[in-house]
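Some notes on the structure that comes next.
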Amino acid sequence: MTRIPSQAQDLDVAHLARVLRRALLPLLLIPALLSAATYFYSQSRPPVYQASAGLAALPSSSGNDVLSSSLVSAPGLPAGVVSRALRSPEVTTSALARLKKSLPDDQQYQLISEAVRAELRSGNYQTVNLQADIDQNLVGNYEIVAHAGTPEAAKAAADAFTQALLEWDRNRALEGVNRARTNLTNQLEQLRGGTTVAGQPVTAGTADQMRAEVTRSLQQLEVLRLTATGTLSLISGAVLPEAPISPRPLRDALLVLGAGLFFGLLFALLRDRLVQRVQDEDALRPFNLPILGMLPPLPGRQQPASIGPFMQNGGFHSGMEFVRLGLLSGLGERSGEAAGRPPVVAISSADKDEGKSVTTAGLAMSYAARGMRVLVVDADVYRHQQKQLLMRDQGAAPVHQAGTTQLWTEVQPHVDLMVLQDSRLEPAPLLSAIQSVGQQYDIVLVDTPPVLMIADTLALSRLLDGLILVVSVGTPQAQVDRLVSETQRLGVRPLGFVLNRYPAAGETYGYGAPLTAAPREEVTYGSRN
């Protein structure tokens, strides 16, 4: 049965971590600056206080059996109608008149008055708002919320608009009462004029009785007039606020900080997704350089001192064998003076964290397992890794020191280590130190700083027999293009690519036995004097 390869790609957590690490400074700095600016801007804004008063919306009821309830009590209204009434010219004018009497601060009154009138023209209401919680029977409660520059002004504005709305609702109820009073008054006038009602004659006794009933209705209506309240009633007046609702500098700054971090993270990930990146060996073929081998990613978050067994087994071992053979083929073309000495090869990458140091150590162990003497030179003066990767005794003292270089012997079987102890990479002195001990080795591998970060890497590589370019899966294609262009422009001999962190390279199909020291094999780089 043929297995169909999955097209789904696993989430590369290590790649995401590298993306976030590269973007860490702007990701933290920009939101922090925006947050600080927001804090100081918010702190400079004038305070805004909020006060609210509560109203109850009650069901309408008839107050008299004689008169229809539609005449003496106002029906309930939807919340939208009440909200529109609150902003009507009648209610607004009445509320501002009440506010002027109750608020001694003329400046605050002018600010509220101008704000309310401007909002009436624009339709953007902020100074006074209505919040409703009404059921389908139009029963519930309303909350009138006012904002002002002082606690007293906010409380006074909420109370003024509440009383103005109650007055409007009572007047709405009184409209029916007034209409009923007018009708009853007209009937009474007709009965006083004679004994004819609606064109029909009635006896004097009947007319007197009807006049008495109309008079009683007028008396009852006058009582209702004095007690009419509409369907809105006051639940609670406004309370003097203790603290402003805005500005709140700390809250605003934290919100901006959180939003900045979120959108910064989103932008970094989106930008990374839009960049064309190396995913497999096909992305490297257009550069017309050999692909020496492909290495799998390290399992988990391995520390340098704990990946020795990983480098000697499985997919990494198999991939490194291809790198060794590919390098052997490339170096076999040496001639002349170079053929009379051991080859000196630089291993580097475009950027940091692409695996050049692990590749150097693994390649050294691969050669040493064939009985070849290997000198590893750690020339990455900014991030020394080879001592942690190769040395079995981290506390061992160097057996030789000359100038800025230290030499340890047998850090691994058949592997010696030279470390450049300097703050900068000087090609000529380093090459001289390598040549002073190099004749006793079969190959010298130099772990250098990243090419695109330290220019002296290319200056050193020009003096050596070649440069291995380590490219990690996920490296931007443009960065690889620049890497190759720089090496060719400065006359460096690129020996080929090593594709690192390639997931499919870990499929060893049972091969990849541990590396063990073997009898020394014949060196084919050229004659040794």
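Just a few scattered comments:
- Set of lysines near Lys100 by C-alpha distance (under 30 Å), chain-local residues within fewer than 8 positions excluded: Lys155
- Packing-based ranking, highest mean first, of 257-268, 488-499, 446-457 given that Cβ atoms within 10 Å are counted: 446-457, 488-499, 257-268
- Residues Ser122 and Leu265, FRET efficiency given R0 of 41 Å [Cβ-Cβ distance, rounded to 0.05]: 0.60
- Straight-distance crosslink candidates among aspartates and glutamates, where the alpha carbon sits under 20 Å from Lys101 and sequence neighbours closer than 8 are dropped: Glu90, Glu114, Glu152, Asp159, Glu167
- Amide proton proximity set for Leu495, modelled H, under 5 Å, gap of 5+: Leu467, Ile468, Leu469
- Highest mean packing first, where packing is the average number of other Cβ atoms within 10 Å per residue, the peptides 418-429, 275-286, 115-126, 434-445 line up as 434-445, 418-429, 275-286, 115-126.
- Using 0.36 nm per residue and subtracting the Cα-Cα separation, the extra length available between Val239 and Gln477 on full extension is 79.1 nm.
- Once the C-beta distance of Ser432 and Val399 is scaled by a Förster radius of 22 Å, the resulting FRET efficiency is 0.70 to the nearest 0.05.
- Amide H contacts of Arg277 (H built 1.01 Å from N, under 5 Å, at least 5 apart or other chain): Gln477
- In nm, spacing of pseudo-spin labels at Ser102 and Arg493 (7 Å Cα→C-beta vector): 9.5
- Modelled this way, with points 7 Å down the Cα-to-C-beta line, the labels at Val139 and Arg84 are 2.6 nm from one another.
- Descending by average beta-carbon neighbour count within 10 Å, the peptides 460-466, 92-98, 361-367, 476-482 line up as 361-367, 460-466, 92-98, 476-482, the highest first.
- Taking θ as phi - 60° and the Karplus parameters 6.51, -1.76 and 1.60, the scalar couplings of the stretch 465-473 work out to 7, x, 9, 8, 9, 8, 10, 8, 4 Hz in sequence order, x denoting glycine and proline.
- Counting only aspartates and glutamates at least 8 places from Lys356 when in the same chain, those with an alpha carbon closer than 19 Å to its own are Asp280, Glu281, Glu321, Asp378, Asp380, Asp416, Asp447, Asp456, Asp465, Asp481, Glu486.
- Around the amide H of Ile235, modelled in the peptide plane, lie the amide H atoms of Gly54, Leu55, Ala56, all under 5 Å away and 5 or more residues distant in sequence or on another chain.
- Computed lengthening from Asn183 to Arg216, 0.36 nm per intervening residue step minus Cα-Cα distance: 10.5 nm
- For the stretch 281-506, the mean projected area of the C-alpha convex hull, equal to one quarter of the hull surface, is 11.4 nm².
Every number here is computed from the coordinates shown, using simple stated rules; none is lab data. The structure displayed is predicted, hence computed values, not measured ones. Positions of Cβ are backbone-derived with ideal geometry, glycine not excepted, and every protein chain shown enters the neighbour counts.
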